[in-house]
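S.K.: Sharing a structure here in structure tokens format.
Since every read-out is calculated from the coordinates, none of them should be taken as a lab result. Note that this is a predicted model, so its numbers are computed, not measured. With ideal geometry, Cβ positions are generated from the backbone for all residues, glycine too; neighbour counts draw on all protein chains shown.
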């Protein structure tokens, strides 16, 4: 067994919020061995990130305070070190990759300067020696042309490159322990696969341990040696990766697995975890998961469960692990989750939306007179159609033009060329009052619900605003009644109408945005990454809601996402985009189970999956997406394609029809 590197014992980190005490971390214990990857898994608000900040002694002051516990790094308690001592630990013995690289990097310092700061602090390197070491670090984390990137600023880098720079900064001090807080949450699956492989390679080379903080079960399955599940400030289950994924024991862990969308669950609602994580300012008298548990019974409300060993190395805090208690209280009853009939949609043959040769080119203006010197070819000739009651998914890496397509259909970005036919009427030629009235038929759910709502307006007013603009639902009393109906329809209480956006959780805000979109009775909703920032349990609630609303109102969805599992569960057809063009399209089952374009194959192979026996070998794509300002000649994908041929750089491939609407643009299909 490996020697213990980090030992956390009964750690408690509390916050003073007004008169309340929020117990963000409330008595957790775990060990991280040298060279292993230990994963902390759980929903947002469970205390995972605060655990990492506590280890680093970066708890926000003055509200936050570590009130109890030990944090032993090879036997030395970090809580006993003064700040000067911790400065020699941070970045040197223990380093951290923060969740959002853009907010963690200094926008006014170059990449080289930021990595060099760590080298100066911990290695004493200056000037030429430091620059040489920075170049080596940039190369080690896979940054192409490091001699060019070293003098660039964060805003000049892609999301994947920013995350790699964060890793380079963390590695500069050659740490024994690397804390990775959601290191791939905002990344495309291809970049995510590259970052995860990079961490594995670096761990193998350096022997460092990794404390991985995430809510992604697929990432945990691919990376972790051991797993701890956190809930409401406490750890409720610990096991090896093999034990955990073979047989998760705690009811909360099981619910996380049941909430995951996939192809096999397409015709049924996803399991959901009722309610939300409880407030950590309350005093708990029993199990913290009791209010959301299907197995809850009397002792769960009255006693705090103790740790029970299920097998060697596998423990959980739950009364159901104790056979004597089960015999003593035979009235244990599982409350079965509500079930509905299989979700099916009857479709019409005539398209609701028909898009023909859509192009969106943004002009680049330079000089004093702002003359046009070029164009950003964001969308460069796209065709699609959506029938009533159907869901079309648009997938691809960031920067491929997915969101621009959605905005062009909504006429938020005016197309450069092409047709957008909605019920046969070309929206491109509408303007003013005609376009405003037509917008009642198509609405949008934005990726970030908080920034898309007015923080100074109450929820009821936000939902009613569109009805007033479109003259829907009659007078004020009728509109108010409709707001109440909509709130209940999306799973919120009527009393919430008088609250402000900041008083809601992420999942609740997204429900408000769905209610706002439904308020004007649209026929089409553009959903732009509506679940990307949500935990799997909240994501399941939103996906169930979207399916139910589709059946009830015969809605059509254009679903923009990079989450392949969501596409497999929700969509009927899928389009794969790359650099403003379509590379493959077809029914979901055809494209996801039999991809033919190398880019689609690379996307699917990069998706982290729970069952490692089904894991395909990741197709490593070289570099990032080329600039849409000057797309490559021939096939746009050929500079990154692992199966490139000479013809690929000479001409763009035409569409090759395979079977039953499945087609792709690839020279490989020409035989």
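S.K.: Expressed as a whole number of Å, what is the distance separating the alpha-carbon centroids of region 375-421 and region 167-226?
M.R.: A separation of 34 Å, based on Cα centres.
S.K.: Further question on the same structure: Testing the spin-label approximation: label points 7 Å from Cα along Cα→Cβ at residue 307 and residue 426. State their distance in nm.
M.R.: 7.1
S.K.: Arranged by the count of other C-beta atoms within 10 angstrom, fewest first, what order do 402, 126, 387 take?
M.R.: 126, 387, 402
S.K.: If neighbour count is taken as other Cβ atoms inside 10 Å, put 290, 136 in order from fewest to most.
M.R.: Exposure proxy ranking, most exposed first: 136, 290.
S.K.: Starting from 0.36 nm per residue, how many nanometres of slack lie between residue 419 and residue 246 once their C-alpha separation is accounted for?
M.R.: Stretched fully, the residue 419-residue 246 segment lengthens by 57.1 nm.
S.K.: Next question, about the same structure. Using r as the Cβ-Cβ distance of residue 554 and residue 437, and R0 as 25 Å, what FRET efficiency do you calculate, to the nearest 0.05?
M.R.: 0.75
S.K.: For a quick protection proxy, order the peptides 390-396, 567-573, 66-72 by their average other-Cβ count within 10 Å, most packed first.
M.R.: Going by the mean number of other Cβ atoms within 10 Å, highest first, we get 390-396, 567-573, 66-72.
S.K.: Starting from 0.36 nm per residue, how many nanometres of slack lie between residue 4 and residue 601 once their C-alpha separation is accounted for?
M.R.: Stretched fully, the residue 4-residue 601 segment lengthens by 210.9 nm.
S.K.: Then there's this: Using just the helices of the chain, give the 222 nm mean residue ellipticity in deg cm²/dmol: DSSP H runs with n ≥ 4 each add -39,500 (n - 2.57), and the total is spread over all residues, rounded to 500.
M.R.: Working: 22 runs with 207 residues, N = 671.
Helix contribution divided over all residues of the chain: -9000 deg cm²/dmol.
S.K.: Could I ask something else about it? Taking other Cβ within 10 Å of each residue's Cβ, how do 110, 298, 190 sort, fewest first?
M.R.: 298, 110, 190
S.K.: Report the extension gain between residue 505 and residue 174 in nm, rounded to one decimal, defined as 0.36 nm multiplied by the number of residues separating them, less their alpha carbon distance.
M.R.: 115.3 nm
S.K.: Based on the alpha-carbon gyration tensor of the chain and its eigenvalue square roots a ≥ b ≥ c, which shape applies: rounded if a/c is under 1.5, prolate if not and a/b is larger than b/c, or oblate?
M.R.: Taking the square roots of the gyration eigenvalues as a ≥ b ≥ c, the chain is oblate.
S.K.: Taking 56 Å as R0, compute the FRET efficiency from the Cβ-Cβ separation of residue 34 and residue 349 and round it to 0.05.
M.R.: Computed FRET efficiency for residue 34 and residue 349 comes out at 0.35.
S.K.: Under a crude label model (7 Å from the Cα following the beta-carbon direction), how far is residue 465 from residue 145 in nanometres?
M.R.: About 4.3 nm separates the two model spin labels.
S.K.: List the residues of region 397-427 whose backbone N lies under 17 Å from a point placed 7 Å from the Cα of residue 370 along the Cα-to-Cβ direction.
M.R.: 414
S.K.: Moving on. Quick check on the chain: of the DSSP beta bridges with both residues there, what percent are antiparallel, nearest 5%?
M.R.: Details: 64 of 100 bridges.
The antiparallel proportion sits near 65 percent.
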